[in-house]
Number of protein chains: 2
Amino acid sequence: MSGTDLASTDPRTGEVRTAQPETPAGAVDAVCAGAGDLFQERLSSWDAPDSGTSEPSRLLRFLADQLDRNRDELIAVLDRETALGSARLAGEHARTVFQLRAFADAAGTDRVLQPIVDTADPGRVPPRSDQRRINVPIGPVVVFAASNFPLAFGILGGDTASALAARCPVVVKGHPAQPFAGALIEKIIADALAAADIDPRWLQVVHGGSVDVGRRLVGHPAIAAVGFTGSTAGGMALVRVAAERRIPIPVYAEMGSVNPTFVGRHAAVERADDIGGGWAGTLAASAGQLCTQPGLLIVPEDAADGIVSAARAALSQADIIPMLAPRLAETFAAGVERAASVPGVRMQRLAQPDSSGCAVPAAIGEVDADTVLAAPELLEEIFGPAGLVVRCPVARMPDLARAIDGSLTAAIFADPGDTEWARGLIPILRTRVGRLTCNTWPTGVSVGWATVHGGPWPATSVPHGTSVGLTAAWRFLRPVAFDGFPLDLLPAALRTPGE
Amino acid sequence: MSGTDLASTDPRTGEVRTAQPETPAGAVDAVCAGAGDLFQERLSSWDAPDSGTSEPSRLLRFLADQLDRNRDELIAVLDRETALGSARLAGEHARTVFQLRAFADAAGTDRVLQPIVDTADPGRVPPRSDQRRINVPIGPVVVFAASNFPLAFGILGGDTASALAARCPVVVKGHPAQPFAGALIEKIIADALAAADIDPRWLQVVHGGSVDVGRRLVGHPAIAAVGFTGSTAGGMALVRVAAERRIPIPVYAEMGSVNPTFVGRHAAVERADDIGGGWAGTLAASAGQLCTQPGLLIVPEDAADGIVSAARAALSQADIIPMLAPRLAETFAAGVERAASVPGVRMQRLAQPDSSGCAVPAAIGEVDADTVLAAPELLEEIFGPAGLVVRCPVARMPDLARAIDGSLTAAIFADPGDTEWARGLIPILRTRVGRLTCNTWPTGVSVGWATVHGGPWPATSVPHGTSVGLTAAWRFLRPVAFDGFPLDLLPAALRTPGE
């Protein structure tokens, strides 16, 4: 038993409160074993169709109801622990409730289960047997909650919801910087499970701040897959633990992302104030602590002045909240300092209105394309309210797009006169990201079937997945084919006469 | 330049012939860089629809034509190098040609590209933006050809065909034990490329027997994914190389698989001869060198005698070809010896008709369930003409099913009276495999949309994929969402008005 108490820092004041102890190793093991036992006990029930009535589907709806019921208290507890503000947290609450219900509706549908029925074709050369395939749950899933979206990517966020929609039992570790919110959400879960009369092993919460708890969860033999949102270092550490198991398992880690935005010449000239101001808004909102924050703004070198002026003016007037935790504030300051120290970077830090708690000075840097291409560290994410404007000859933009590692998103701003320019850039950007936005900032991600919140490394550890949107459930499913089976031994969803 | 010459052993005689040298390191790098350059050069052309007219689709068809044209010579060269026999090789040839054409037809279809169009819904809470998603090629793919299916899983096998169908340039390493076939297939590729007037960087072959060539291919920065079929040790070595890259990439390795078969009591009694003889046939065919060979036959303990007798009788009369290579024969002998040395295993080796070349004695072991459950090494694959009959109380079959690591396939043999027994076992077996067959041996895998040739570790390194069937192309694609784009900047496949 490690017995470390978790601590919560008020980002506004720096006040530290001690919360619940870390879950002891024995309890972590018991929780994982329980998830594994439940998965085995429920195997036969899976063959029945899930028209929203399976235990995990019902749980998703009851969780949404309980989140609604505890809305105000939850927002108050989270605001004290995150300083994100009640308006932002209310929006995130609505999105999270919607997401839970959307996954409850999606569970058991053909879009999730992807059934394919190929009846026998003995005359084909070579002949085809009766093959029917469907997605089945991968097994118990461990989820690591993120801190920057304490609800949407938190204990009851998209990873948990999508794993439940895949009918996988979930063990979720709350974020150690938000232990009071974690305790309240644990109570919300207990109430939902009791109200729905559902086996509590479907969704279990552990608490831990040490590396040991994470290693123990990912290493447990009952666990079949992992969902994680956080830093590249944290995600890759879990990837390594998973690879060293006797039976390796997939880790879906969403990690670092610089999210480049490219501006066409006409857009830069015609909409300098809008674009500069809008970009500054994305740096300021939530203190820039968004996975999709556009950290690089690539602007035609001869049309950049207006955008840079507008961005600096807007950012200097923005009311920027403190960062989520002291460690993030330190990492941010070091990141800005590292970028500023590269010769050729002109970094402007904004006066810090309030130095208490986790407040940090926002910053905008300027640099030319040659400098960036020679100093790839400038292409790394700085998590927080900072961005870099790259003054770039239009002809060099493709080189810059190719030099950027994988990101969750890229944006282009293009006026009608920029269409040919956009046509040249989009095919390159498509190779670097999971999602492209046009004339809109990528910070808002709506939840649907077409959503992709993923991308090549280091945006994620598995380039095929998405951690937002309804196909996120695919990460926790795998296909099984039934070959030559009589109809009465097939899962219900495959008992059609065939195509 | 390493300069090691590859060598080919005639499995029937042991005669060794020296073939072409290993591809030098510089040439390996140049080939990978060429694939990367081609991928970049072709990015814009991807946005046009592929109605079978893209370069890789055309190449797939020309490859099929050239394979047809060189059929007899290829079978002769392969028979000398593999001893698989011309009938088996002719069947595999037909299947491989079919597979190439099927992937040419599949490329560019909605089933491969999986487009999803969600038009904007501003009234939804939260609002939904216009999101459209489609699968895009992951980038250049390295393929490692297998030796046991020198055509279907070879240089022009399913990994290569599915990567081309995903519009990824392919670099493929021929199997080092089949260098003469490799040289002929390289010429077939050159002829197809010339006949179709297609850039040769779409499909390039390298030769190598050393670990260095494999490491170099997987480590090259231009490479985005890997397909491999072979041993668990070989596959996991490549997984590690891929994980240690600056930018890790996915490795789709199909590796070891024990493929359990469970027999119901009624089937065991009523069809003892059929089942025993059929099982022996799968051990004997191609000297048991099939990924889906059912290495474990689990039979009700009180109904096993008839099946064991039939299997031994059939196997002793079977004409068993030599194994593919001296190393495989050695590994097989060691595997049989290891299993035979476990107390409680009664191993019967068949008299060896011919000890020249790579001939090995086939073997059938008998063991009870308790012994297997206490000695998990008996659940490991023995690649070659050997199998283990497990005499198992029916009530313990679920425990045995759970104890088996991931396999490509499992089979059940069930008569009408065994239906309830089958209903209890199928949900468990479903968690262990990618494919279940009923009353049929799993060694034949037909190529279709519903095909799954994959499964949990160690059957594969990525449990979501399949290396046979048309959705094998999904492994080399990843989704990209376009958010808020005007129709004229979207890929052709997403320019629909929406659902």
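Every number in this text was worked out from the coordinates using simple rules, so none of it is lab data. Computed from a predicted structure; not experimentally measured. Positions of Cβ are generated from backbone atoms using ideal geometry, with glycine treated the same way; all protein chains shown enter the neighbour counts.
Structure notes:
- Simple point charges give the picture: +1 on the Cβ of Lys and Arg, -1 on the Cβ of Asp and Glu, and for region A:203-297 a dipole about the Cα centre of about 480 debye.
- Classified by the C-alpha gyration tensor, region A:401-499 has a prolate form. Its axis ratio a/c, with a ≥ b ≥ c, is 1.5 or above, and a/b is larger than b/c.
- In this structure, the amide hydrogen of B:V172, modeled 1.01 Å from its nitrogen in the peptide plane, lies closer than 5 angstrom to those of B:V143, B:Q204, B:V205, B:V206, counting only residues at least 5 positions away or on a different chain.
- Judged by the mean number of other Cβ atoms found within 10 Å, the most tightly packed of the peptides A:453-463, B:354-364, A:12-22 leads the ranking A:453-463, B:354-364, A:12-22.
- The ellipsoid equivalent to the alpha-carbon distribution of region A:2-114 has semi-axes of 33, 24, 10 angstrom, derived from the gyration tensor eigenvalues as √(5λ) and listed largest first.
- Centroid-to-centroid separation of region B:286-313 and region A:17-72 [C-alpha atoms, Å]: 42
- Inter-copy label distances at A:S51 (7 Å, Cα→Cβ; nm, one decimal): 4.0
- Helix B:179-196 axis, angle to chain B major axis (alpha carbon atoms, nearest 10°): 30
- Residue mean of other protein chain beta carbons inside 10 Å, A:114-127: 3
- Per-residue HN-Hα couplings for region B:479-489 [Karplus 6.51, -1.76, 1.60; θ = phi - 60°; Hz; x = Gly/Pro]: x, 10, 9, 10, 10, x, 8, x, 3, 6, 9
- Assuming charge only on the beta carbon of Lys and Arg (+1) and of Asp and Glu (-1), the dipole of region A:253-388 about its Cα centre is about 240 debye to the nearest 20.
- In chain B, a dipole from Cβ-located charges (positive for Lys and Arg, negative for Asp and Glu) runs towards its positive end, and of B:Q20, B:A351, B:P56 it is B:P56 whose Cα lies farthest in that direction.
- Once the gyration tensor of the Cα atoms in region A:172-233 is diagonalised, the equivalent ellipsoid follows with semi-axes of 23, 16, 9 Å, ordered largest first.
- Residue (of B:S162, B:L89, B:L78) at the positive-pole extreme of the protein assembly as shown, dipole from beta-carbon charges: B:L78
- Centre separation in Å (Cα based) which lies between region B:478-494 and region A:455-499: 24
- Evaluated at q = 0.10 Å⁻¹, the base-10 log of the normalised Debye intensity for chain A, with identical point scatterers placed on the Cα atoms, takes the values -0.79.
- Whole-Hz couplings from phi, Karplus 6.51/-1.76/1.60, listed for region B:332-338; x for Gly and Pro: 4, 4, 5, x, 5, 5, 4
- Other protein chain Cβ atoms within 10 Å, averaged over every residue that makes up B:240-251: 3
- Between the Cα long axis of helix A:55-69 and the first principal axis of chain A there is an angle of about 40°, rounded to the nearest 10.
- Degrees separating the helix B:25-41 axis from the principal Cα axis of chain B, which is the longest one: 50
- Listed by chain and number, the lysines placed with their C-alpha closer than 20 angstrom to that of A:K173 are A:K187; residues fewer than eight positions away on the same chain are left out.
- Average Cα contact separation per residue, region A:260-438, under 8 Å, 6 or more apart, as relative contact order %: 29
- Within 10 Å of the Cβ of each residue in B:435-446, the mean number of Cβ atoms contributed by other protein chains is 5.
- Mean projection area, nm², convex hull over Cα of region A:260-438: 9.0
- Distances in nm from A:D274 to the matching label points in the other copies, shortest first (labels 7 Å along Cα to Cβ): 7.3
- When Rg and the Kirkwood radius Rh are both evaluated on Cα atoms of the protein assembly as shown, their ratio Rg/Rh stands at 0.98.
- Contact order normalised by residue count of chain A, Cα under 8 Å, 6+ apart, percent: 18
- At 7 Å out from Cα toward Cβ: B:K187 inter-copy label distances (nm, ascending): 8.0
- Here the protein assembly as shown is treated with +1 on each Lys and Arg Cβ and -1 on each Asp and Glu Cβ, and its dipole about the Cα centre works out to around 100 debye.
- Contact order relative to length of region A:241-310, as percent, for alpha carbon pairs under 8 angstrom and 6 or more apart: 43
- Farthest toward positive dipole pole in chain B [+1 Lys/Arg, -1 Asp/Glu at C-beta], among B:F262, B:T282, B:I307: B:F262
- Between region B:315-363 and region A:167-244, the Cα center-to-center distance that results, in Å: 48
- Chain B, closest residue to the rotation axis toward A, by beta-carbon, whole angstrom: B:A243, 3
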